Amino acid sequence: MLQIVLRFIRDDAGVTPIEYGLIAAILTIATTVAVSAAGYSLADLVN
């Protein structure tokens, strides 16, 4: 079990936190553009 954990810690082929941040930023921008293109405002969505 310890060998598996150590191998997981040393593995640097995964997604880094910077890449997660970029993905979140792209999704946020895409959502904002889609909602504004549809003509909704934040007040319309809440009410």
Worksheet entry | Given (1) modelled with pLDDT under 80; (2) part of a helix (DSSP H, G or I), number of the condition T32 does not satisfy | (1)
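Matching residues to (1) surrounded by 10 or more Cβ atoms within 10 Å (Cβ to Cβ); (2) in contact with an Asp or Glu (Cβ under 6 Å, 6 or more places away or on another chain); (3) assigned to a loop (DSSP other than H, G, I, E, B); (4) modelled with pLDDT under 80:
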{"position": "F8", "(1), (2), (3), (4)": "no, no, no, yes"}
{"position": "G21", "(1), (2), (3), (4)": "yes, no, no, no"}
{"position": "A25", "(1), (2), (3), (4)": "yes, no, no, no"}
{"position": "T28", "(1), (2), (3), (4)": "yes, no, no, no"}
{"position": "Y40", "(1), (2), (3), (4)": "yes, no, yes, yes"}
{"position": "A43", "(1), (2), (3), (4)": "no, no, no, yes"}
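The values are calculated or read from the model by the stated rules, or taken from the named source; none is laboratory data. Predicted model, so just to flag it, every value in this text is computed and none were measured. Here Cβ is always computed from backbone atoms with ideal geometry, including for glycine, and neighbour counts include all displayed protein chains.
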